[in-house]
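Presented below is the structure to which this report refers.
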Amino acid sequence: MKQIPVVSLPQSTNEPILSGNFNIRRLQDFIGDQGMSSEPHRHSFYFILVIEKGEGDHEIDFTHYQLAHRCVFILRPGQVHQLSVKAETRGFLMQFNADFYQPKNGKVAQFFRRASHKSFCQLPEETFSRINSTLNTIFREAKEQQQGHLEAINALLDTFFIELIRNASENRPSTDKYEQERLEELQELLDKHIATEKQVSYYTGALNLSAFQLNSITKKVLGKTASELINEQVVLEARRQLLGTSNQVSQIAFSLGYDDPSYFIRFYKKHTGLTPEAYRKKFS
């Protein structure tokens with residue numbers, strides 16, 4: 001049974017700026033004259049791609065993005081992505097494990113969770129200039145490894161995310177903090193338990209909410225019911241496996257908690273308009 005590859009950070013390397021928990025590199029230092037491309041894969045760590053200028057394509061959980069000047073991509077562990085970057089692209093790639101950076105600032109922690117559900121943003125020149133300066137300082141700290149460099153990098157990561165928070169605050173409609181936190185908790189539960197738990201009652205119990213309360217929040221903020229979000233998560237994970245593995249449809253159905261593959265096929269067609277096999281043939 002072929003699985004989507006899961007990439008982990010290296011535990012040892014000859015490069016002084018890398019470690020088993022944190023990694024930052026300049027894109028122009030390793031892309032090469034022919035550019036760079038990858039097959040679909042997952043990471044076991046956080047993946048932050050910052051493009052100063054350049055071109056390419058980035059597909060994250062089957063949503064396609066074009067690389068653009070002054071853009072930032074943030075991926076959480078487990079997301080499936082495929083990246084193609086053209087030569088002469090400039091910027092930074094930063095990767096770290098969850099145990100390396102755990103934001104203590106409440107707003108940063110909240111954004112860190114929320115950012116994982118919105119993988120892309122493009123920044124105005126002034127904001128990007130400040131972020132780029134912060135990344136250059138992080139790069140220098142990681143390379144020189146002077147006393148206190150790990151603490152400095154963590155503090156600089158706070159600064160990096162605070163700049164993104166400010167930009168996001170200026171470009172999104174206001175959402176009640178309580179509602180946003182419940183949605184983030186719901187998404188985390190869906191990520192962890194979708195293969196075994198598909199009833200709204202499980203998630204309302206875990207969140208200590210009634211079905212009415214949860215649906216009120218999801219409808220107000222996202223315009224969808226909790227059941228619709230559950231179904232979307234099932235479809236997303238099915239797509240990951242259909243396009244990222246050679247597993248048979250029956251194997252995918254079982255991995256997602258369906259004992260009857262024919263029921264899974266009907267479910268998938270109802271929500272996508274295609275059977276799993278037809279979807280695989282169309283997009284693979």
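No lab work stands behind these numbers, since they all come straight from the coordinates. From a predicted model like this one, the values you see are computed outputs, not experimental measurements. FYI the Cβ positions are ideal-geometry reconstructions off the backbone, even for glycines, and counts take in every protein chain you see.
Only DSSP H runs of four or more residues enter the estimate; each adds -39500 (n - 2.57), and after division by the residues of the chain the mean residue ellipticity at 222 nm equals -15000 deg cm²/dmol.
Its Cα centre serving as origin, the stretch 6-170 has a Cβ charge dipole (Lys and Arg +1, Asp and Glu -1) of approximately 420 debye.
Ranked by the mean number of other Cβ atoms within 10 Å per residue, highest first, peptides 29-35, 195-201, 129-135, 72-78 order as 72-78, 129-135, 195-201, 29-35. For the chain, the residue among 47, 122, 35 whose Cα projects farthest onto the positive side of the dipole built from Cβ charges is 122. Per residue, the convex hull spanned by the alpha carbons of the chain comes to 145 Å³. Remark: spin-label model distance residue 219-residue 36 equals 4.7 nm, labels positioned 7 Å along the Cα→Cβ axis.
On the basis of the beta-carbon distance and an R0 of 45 Å, residue 211 and residue 274 show a calculated FRET efficiency of 0.90. Neighbour counts of other Cβ atoms within 10 Å put 94, 36 in the fewest-to-most order 36, 94. A full extension of the chain between residue 125 and residue 99 corresponds to an added length of 6.2 nm, given 0.36 nm per residue minus the alpha carbon distance. Packing-based ranking of 49-55, 82-88, 207-213 yields 49-55, 82-88, 207-213, ordered from highest to lowest mean Cβ neighbour count within 10 Å. Its Cα gyration tensor gives the stretch 6-170 an equivalent ellipsoid. The semi-axes, each the square root of 5 times an eigenvalue, are 21, 19, 17 Å from largest down.
Here the calculated FRET efficiency for residue 69 and residue 262, from their Cβ-Cβ distance with R0 = 45 Å, stands at 0.40, rounded to the nearest 0.05.
Result for the chain in a Gaussian network model with C-alpha springs under 10 Å: among 231, 105, 215, the largest mean-square fluctuation is at 105.
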